[in-house]
Amino acid sequence: MKELETYYQGEKLFETKYGFFASGGREYVIKTPLTPMPWMNVLTNPDYGTVMSQTGCGFSWWGNAQMCRMTRWVQDLVREEWGKFLYLRDNDEDSYWSLFYKPTQVKFDKFEVRYGIGYTVYHTEYKGIENVITMFVPPDAPLEVWKVKVINKSDKKRNLSLFSYLEWCLGNSEDIHREFQRTFIETSFNKELNAIFATKRKVPIPGFISTGLKEYTGDGFHSVNAPIAGFEGDKRNFFGRYKTFANPEAIEEGKLKNKVGKWNDSIASLQVDITLAPGEEKEVVFLLGYNENEVKSSQLIKQYSKPENIEEAFKKTIDFWDEFISPLQVETPDKAFDVVTNYWLRYQAIAARIWARTAYYQCSGGYGFRDQLQDSLAFLPLKPELTKKQILLHARHQFKDGAVYHWWHPLTELGAKTEMTDDLLWMPYIISFYLDETGDFAILDQKEPYVDGEEEELYQHCIRAIDLVLSRFSPRGLPLIGEGDWNDGMSAVGLDWKGESVWLGHFLYGILKRFAPLCEKKGNKDKAGNYLKRAEELKKAINEFGWDGEWFIRATKDNGDPLGSKSCSEGKIFLNAQTWSILNDTTTEERKNTALESAEEHLLKNYGPILFSPAYKNPDPMIGYLSRYAPGVRENGGVYTHAACWAIIAECKMKKGDKAYDVYSRFSPVKRGMDPDLYFVEPYVTSGNVDGPDSENYGRGGWSWYSGSGAWYFHASSNWILGLRAQEDGLLIDPCIPSSWEGFKVKRTFRGAVYNIEVENPQKVSHGVKEVYLDGNKITGNLLPIISDSKEHKVKVVMGV
């Protein structure tokens, strides 16, 4: 921990004026607080978490980032003003500054923020005082640690006061009617623990009260492990009259007034006085956490107040995240590929999407039925038991008729049962990947309850989902789109249950083909036969009614008009309708090639494949809210990174390795990040979208971190470009790489064995496996057998014709 506090390791990678990768890519170091947008890190365990940007702004939560927000935060990514702050006051000079860039915005003599996998380190220096703040969330405790080191670099004695500051929310994050919500919060001070405790009283507010909010009211604590000079629970006392975060009265005067109670706008601030001789340093540890009960919280505060326990907890946190890093490691000729594949994509998917379910651009807190199921793909080569856990969780949010919650909020179980037509199918879809990775067919027999009924085995959950979609077909034999399919923004295409979805047809076809053999395994031959029959009928309808001459249309509206046709003035061609015809083999090889060539010609732009073209210029009430976006923004003709990942897979399936890598590289966050003033967002995680050519901000990224593209980019990289795909009877090696690569190495854990794979490409081909050697012995084909012996095995692969 001490090493991490003082320096980064290794060479600087992909350096720009704003930052660089270090420690082999495991850290990103930010050199200035003035990044184009807030660049953040997510620190979380499955229950408790915090997000903070390079400015020091951010927020914390427990259980649900929207329904049980611990601290207040207002989404304003331009001014970036709200957070949990640390102030340092020089009592001899009556001057003060914040240890983060916000809120005082001083010009530091030294500034560096290091984002790691599971931790953040702020390193600043100002007026001869150096500060190192190490922040992390332990894997097994509902709290965050702020370890603050204060170092006197000057040649004189310094008399300082350190102040913390945060505002309690303790419920729904949309705490905009503060004068109402604050009346339910009360604070108290525990002298023995040097801690402020806060609670939001639990009687629910009736739904008809306009200022009431659905929430899970929580309790919190904020403590420090040093003798305190004061505490404050009243915002009015802290700020005085009409002052700001940058000049609060309590900091100006150097004194807190020790007020807590029921009648305040509740905050938490703790003051610690520090005297430092020249060259001397001292450490102070602040904690912020969820108060499950005061006995447990008291134990946690005492435990994490001891320096030796902090060191142990930090190591435990690093080791915890190493368990998600070590099972799969790659080494390729492309360092940018390695950095995100080895570290940041899986961290993004697990930390931000599955556990935190929040970031800066979108603060959800809830589970999306389709969303977190897809995100759980990231677990498969690392900890597949967590994919299983996710599948079973989603099964419990399905209804007896097969429909599912489009989203739901844990803690409150508030959810939305919609008539979206794809959500329910993602469960059988992801289950097929889980079965290939694990061979755990017993999961199909595991029973889970429905939202509105008794429990039933998971197999029947899937059957109910598939059968409901099969019951909603048009007279032409295509699935109806209802309130929307994968693209939420196509929210008005089929409200009258007449509009069709060609993309959903591609998707369903693959599921029917994959699930029919499972029906056979379960002894349900009639169901298996019916699924295969319906699949072939669907394939015929897709090709008869969905083909537009050079590409597949995307959908038809309730009035029969097509979307994604040459006859359209806007939205002529859609990406997903082409890529999924390849992913799920719904058409002939000739049409696959034609559809992919059309997508490349019309949709592949400088920064990746856009979702469709041209963008809609005016809102269309028969399409939905995506047409309300400005042209080129998000789903309206932008690069929607989630879908762009499917384009990589489509290129790989067509054995176009050079083109697959070209598509991959065009929206690589690391490579895009080399032009940071155009790209704007973080270079170490994927953005949800990039503005398309119809936008005046063409090439600008947005909605980073909280994006399903993290898991899919990881999947496309490892499973399709590197070509390591789990199958029921072994691990397939089928690379589809740029022909310029001379080879690559992968460490891949599969069913209890570790395969150290070295791929050679002497003929400079983009695909094709000529020879495979397992532990020195040549094997037939390119499928590694299941060994499951908990040992390491050496695999040599020679590519070639």
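The values are calculated or read from the model by the stated rules, or taken from the named source; none is laboratory data. Fair warning: this is a prediction, and the values are worked out from it, not measured in the lab. So basically every Cβ, Gly included, is an ideal-geometry build from the backbone, and we count neighbours across all protein chains shown. What goes into the accessible areas is simple: the full protein's heavy atoms, side chains included, and nothing from ligands, DNA or RNA. Shrake-Rupley method; radii C 1.70, N 1.55, O 1.52, S 1.80 Å.
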Next item on the list: Could you list which residues have their amide H under 5 Å from that of M70, counting only those 5 or more apart in sequence or on another chain, with H placed in the peptide plane?
Entry: S60, W61, W62, L170
Note to self: Quick check on my link table: of K617/K659; K191/K255; K335/K745; K102/K306; K389/K447; K257/K302, which ones sit more than 19 Å apart, alpha carbon to alpha carbon?
What the structure shows: K617/K659; K102/K306; K257/K302
Next item on the list: Run the dipole for region 267-426 about the Cα centre, Lys and Arg Cβ at +1, Asp and Glu Cβ at -1, nothing else charged, and hand back the magnitude in debye, nearest 20.
Entry: 540
Margin query: Need one word for region 428-562: rounded, prolate or oblate. Basis is the Cα gyration tensor (sqrt eigenvalues a ≥ b ≥ c); a/c below 1.5 gives rounded, then a/b vs b/c decides.
Written below: prolate
Item checked: Apportionment of accessible area to carbon and sulfur, the chain, percent (1.4 Å) -> 48
Next item on the list: Would you mind getting me the FRET efficiency between D109 and R241? Use the beta-carbon distance for r and R0 = 30 Å, nearest 0.05.
Entry: 0.35
Margin query: How big is the dipole moment of the chain about its Cα centre under a simple scheme where the beta carbon of each Lys and Arg is +1, that of each Asp and Glu is -1, and everything else is neutral? Debye, nearest 20, please.
Written below: 400
Checklist line | Amide H within-cut-off set for T749, under 5 Å, with H built and near neighbours excluded | finding: Y755
Note to self: Between [x] 0.98; [y] 1.18; [z] 0.93, which entry matches Cα Rg over 2.2 N^0.38 Å as derived from the coordinates of this structure?
What the structure shows: [x]
Next item on the list: Using only Cα atoms, find the angle between the long axis of helix 307-325 and the longest principal axis of the chain, and express it within 0 to 90 degrees, rounded to the nearest 10.
Entry: 10
Check: Cα axis of helix 294-303 to longest principal axis of the chain: angle in degrees, 0 to 90, nearest 10?
Finding: 80
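Per residue, how much accessible area does region 331-453 show when a 1.4 Å probe rolls over the protein heavy atoms, in square angstrom?
Accessible surface, normalised per residue, equals 26 Å².
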Next item on the list: Of the options P517, G499, G489, report the single residue whose Cα projects farthest towards the positive end of the charge dipole of region 453-579 (beta-carbon charges: Lys, Arg +1; Asp, Glu -1).
Entry: P517
Next item on the list: Calculate one ³J(HN,Hα) per residue across region 399-404 by plugging θ = phi - 60° into the Karplus curve 6.51 cos²θ - 1.76 cosθ + 1.60, and present them in order as whole Hz with x for glycine and proline.
Entry: 9, 4, 6, x, 5, 9
Note to self: Whole-Hz ³J(HN,Hα) for each residue in region 754-770, computed from phi via Karplus 6.51 cos²θ - 1.76 cosθ + 1.60 with θ = phi - 60°, x for glycine and proline: what do you get?
What the structure shows: 10, 9, 9, 9, 10, 9, 10, 10, x, 8, 6, 9, 9, 7, x, 10, 8
Next item on the list: Using θ = phi - 60° and the Karplus relation 6.51 cos²θ - 1.76 cosθ + 1.60, list the HN-Hα couplings for region 465-474 in order, rounded to whole Hz, with x at every Gly or Pro.
Entry: 5, 4, 5, 5, 5, 5, 7, 10, 10, 7
Check: What per residue convex hull volume, in Å³, do the alpha-carbon atoms of region 560-602 yield?
Finding: 79
Notebook entry, point to check: For region 84-238, what is the accessible area per residue in Å², given a 1.4 Å probe and the full set of protein chains?
Noted result: 35
Checklist line | region 575-640: C-alpha gyration tensor shape, a/c 1.5 cut-off, then a/b vs b/c | finding: prolate
Checklist line | Positive-pole candidate from T211, Y429, F379, dipole of the chain, charges at beta carbon | finding: T211
Notebook entry, point to check: Among rounded, prolate and oblate, which fits region 27-175 when a ≥ b ≥ c are the square roots of the eigenvalues of its C-alpha gyration tensor, a/c under 1.5 means rounded, and a/b larger than b/c means prolate?
Noted result: prolate
Check: Helix 589-603 versus the longest principal axis of the chain: what is the Cα-based angle in degrees, 0 to 90, to the nearest 10?
Finding: 40
Notebook entry, point to check: How far apart, in nm, are the 7 Å Cα→Cβ label points at E11 and D561?
Noted result: 5.7
Next item on the list: For G546, list long-range residues whose amide hydrogen, built 1.01 Å from N in the peptide plane, is under 5 Å from its own amide hydrogen.
Entry: none
Check: Taking the Cα centre of the chain as the origin and placing charges on Cβ (Lys, Arg +1; Asp, Glu -1), which of I117, I582, S95 is farthest toward the positive end of the dipole?
Finding: S95
Next item on the list: Would you rank V493, V74, V765 by solvent-accessible area, highest first, keeping every protein chain in place and using a 1.4 Å probe?
Entry: V74, V765, V493
Checklist line | Dipole magnitude of region 151-266, debye to nearest 20 (Cβ charges: Lys/Arg +1, Asp/Glu -1, about Cα centre) | finding: 320
Next item on the list: Give me the aspartates and glutamates in straight-line cross-link reach of K791: C-alpha distance below 15 Å, same-chain residues under 8 apart excluded.
Entry: D775
